[in-house]
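Asker: Pasting a structure here, questions to come.
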Amino acid sequence: MENFLFFDNESLLLMKRNLIAVFLFLIVWNVKSFSQEVKDIPEIMPFEEAMYPPDYQLPPIRAITHGPSYHWFGYYDVNQFDPSGRYALGMEVDFDCRSPRANDTIRLGMIDLENNDQWIEIGTTTAWGWQLGCRLQWRPGSDSEVMWNARSEDGDHYITVIRNVYTGETRTLSKPVFHVHPEGDMALTLDFRRLGWGDAGYGYIGIPDPNRDVNAPENSGIWIMDLNSGTSEMLFSVYEIAQDQNPEKPHYFNHIAWNTDGSRFSFIDRGWGVGRMLSSDVKGSDIRHICMDPSHYDWRDPSNILVYTPGWWTGGAYELFRDDGSGESEVIWNYPNGHVTYFMNNEWAVSDTYPLGDDRVQEVFLIHVPTNRVFPLGHFYAPPEYKDEWRCDTHPRVSPDGTMVIIDSTHGENGRQMYLIDITEIVNNE
């Protein structure tokens with residue numbers, strides 16, 4: 001068939017190849033231009049080699065909770081330690097390896113790490129899941145107040161409990177908390193009923209989602225709440241966010257996080273497909289696209305987010321994305337998916353893995369960011385019954401001074417418990 005531009009088929013084929021080459025060049029050029037600040041960092045060691053280096057001694061570890069009850073903390077994005085590093089928060093339950101039921105109560109406590117790991121009970125709640133827990137945390141900027149989510153006395157909505165662990169003074173706020181501002185004065189939250197409908201293990205059981213038959217509800221979204229007065233306002237709805245991405249399919253939000261200076265926050269829009277990460281200012285405006293198909297992440301600084309993406313172009317990697325709407329990124333580490341946190345002024349990062357291989361080993365490790373040196377912290381067996389909603393991710397959490405890491409693990413043959421790893425010698429000698 002004759003083409004109307006008077007090019008023969010061979011010329012058209014050549015033009016297509018040239019256009020593809022130019023397109024690929026531009027992608028590579030953009031990635032390289034984004035990564036000038038890290039281009040001179042030594043290449044990281046292949047993962048399998050890095051986990052088992054010769055003549056390497058793992059750091060000391062001890063169990064800080066014990067049976068017959070089960071203990072864990074859950075997600076890694078809130079403060080488990082008090083500012084002094086003496087007390088670590090945790091949750092306690094009498095069953096394992098099943099979904100929570102509406103009236104299953106867990107006990108909340110703090111562990112005195114300087115007094116034989118004594119468990120000090122501070123409260124209870126029925127608003128919890130295996131992965132996010134009840135969002136138990138020390139209030140940023142406070143050495144006495146802790147926070148967690150609970151169900152209201154009349155049972156028709158979720159609330160925040162704020163308690164002084166030394167005086168017992170307690171007050172409640174009319175909405176639950178998801179992520180607290182770095183200054184501790186306000187918090188972002190979402191609809192835990194909707195999250196429970198969309199993602200088992202993250203939302204709560206006990207109050208059904210009234211919008212379970214609505215793809216993108218207008219009365220469900222992200223709110224900002226004043227932690228002193230308890231007043232709150234919706235920043236935007238699920239409906240508003242869904243309008244430019246498959247609005248005919250179900251949507252829900254998860255994984256909200258403030259950036260490091262509290263000027264913006266990120267969240268994940270899920271349910272309709274692979275999901276996407278977006279960011280917003282504190283007024284719920286200036287919405288920016290970060291990436292598609294995001295997994296775990298951590299803000300490195302106010303403008304850059306480290307995200308694990310299972311993209312076909314990387315084979316799965318930690319990528320550093322700019323929060324400018326460009327979608328530009330730099331592949332930082334080609335390591336398995338895990339729960340990553342920067343600490344000690346971004347000099348270090350800690351992460352982990354899901355159970356790997358037939359041996360179901362969960363790796364926990366440090367990365368010295370300036371040199372890309374890797375320091376294994378332990379190899380932890382995960383029994384096969386820990387899977388799906390009630391899996392036990394290690395979710396490593398770092399102490400304020402950067403010398404201790406606490407993980408949740410099932411390797412000790414007594415169910416999920418918490419373990420403290422002393423990383424003092426590693427971080428002080430590098």
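Asker: Name the residue, out of LEU377, LEU356, that is of a type in the set (A, V, I, L, M, F, W, C) and in contact (Cβ under 8 Å) with a residue 40 or more places away in the chain.
Answerer: Answer to the check: LEU377.
Asker: Do we find that MET234 is under 17 Å from VAL161 (Cα atoms), out of contact with any helix residue (DSSP H, G or I) (no Cβ under 7 Å at 6 or more places or on another chain) and not hydroxyl-bearing (Ser, Thr, Tyr) in this structure?
Answerer: No, not satisfied.
Asker: Here's a follow-up. Filter segment 66-86 down to residues that are in contact with a strand residue (DSSP E or B) (Cβ under 9 Å, 6 or more places away or on another chain), under 28 Å from VAL374 (Cα atoms) and not aliphatic (A, V, I, L, M), then give me how many there are.
Answerer: Number satisfying all stated conditions: 13.
Asker: Something else: Considering only residues that are surrounded by 18 or more Cβ atoms within 10 Å (Cβ to Cβ), farther than 23 Å from TRP348 by Cα, more than 18 Å from the chain's Cα centre (by Cα) and in contact (Cβ under 8 Å) with a residue 40 or more places away in the chain, which ones fall in segment 380-402?
Answerer: If the condition is that a residue be surrounded by 18 or more Cβ atoms within 10 Å (Cβ to Cβ), farther than 23 Å from TRP348 by Cα, more than 18 Å from the chain's Cα centre (by Cα) and in contact (Cβ under 8 Å) with a residue 40 or more places away in the chain, then TYR386 is the only one that fits.
Asker: Residues in segment 298-339 that are touching a Pro at 6+ places or on another chain (Cβ under 9 Å) and assigned to a loop (DSSP other than H, G, I, E, B): how many?
Answerer: 6
Asker: Taking segment 228-257 as the search range and keeping residues that are part of a strand (DSSP E or B) and of a type in the set (Gly, Ala, Ser), which one is farthest from GLY198 (Cα to Cα)?
Answerer: Checked segment 228-257; the qualifying residue farthest from GLY198 (Cα to Cα) is SER232.
Asker: Still on this structure, I have one more. What pairs can you find where one residue is in segment 408-430 and within 21 Å of TYR386 (Cα to Cα) and touching a residue at least 12 places away in the same chain (Cβ under 8 Å), the other is among the small types (Gly, Ala, Ser) and assigned to a loop (DSSP other than H, G, I, E, B), and their Cβ atoms are less than 8 Å apart, with a gap of 6+ or different chains?
Answerer: Once the first residue is within 21 Å of TYR386 (Cα to Cα) and touching a residue at least 12 places away in the same chain (Cβ under 8 Å) and sits in segment 408-430, its partners that are among the small types (Gly, Ala, Ser) and assigned to a loop (DSSP other than H, G, I, E, B) give ASP408/GLY74; SER409/ALA382; THR410/ALA382; HIS411/ALA382; ASN414/GLY67; GLY415/GLY67; GLN417/GLY67; TYR419/GLY412.
Asker: Only one of GLY74, GLY85, GLY67 is under 19 Å from ASP143 (Cβ atoms) and assigned to a loop (DSSP other than H, G, I, E, B). Can you tell me which?
Answerer: GLY85
Asker: Mind checking which residues of segment 247-288 are crowded, with 18+ Cβ neighbours inside 10 Å and either over 27 Å from GLU183 (Cβ atoms) or without any contact (Cβ under 8 Å) to a residue 24 or more places away in the chain (or both)?
Answerer: Once the filter is applied, which keeps residues that are crowded, with 18+ Cβ neighbours inside 10 Å and either over 27 Å from GLU183 (Cβ atoms) or without any contact (Cβ under 8 Å) to a residue 24 or more places away in the chain (or both), segment 247-288 yields PRO250, HIS251, TYR252, ARG270, GLY271, TRP272, GLY275, ARG276.
Each reported figure results from applying straightforward, stated rules to the coordinates on display, with no laboratory input. Note that this is a predicted model, so its numbers are computed, not measured. No Cβ is skipped: glycine too gets one built from the backbone with ideal geometry, and neighbour counts run over all protein chains shown.
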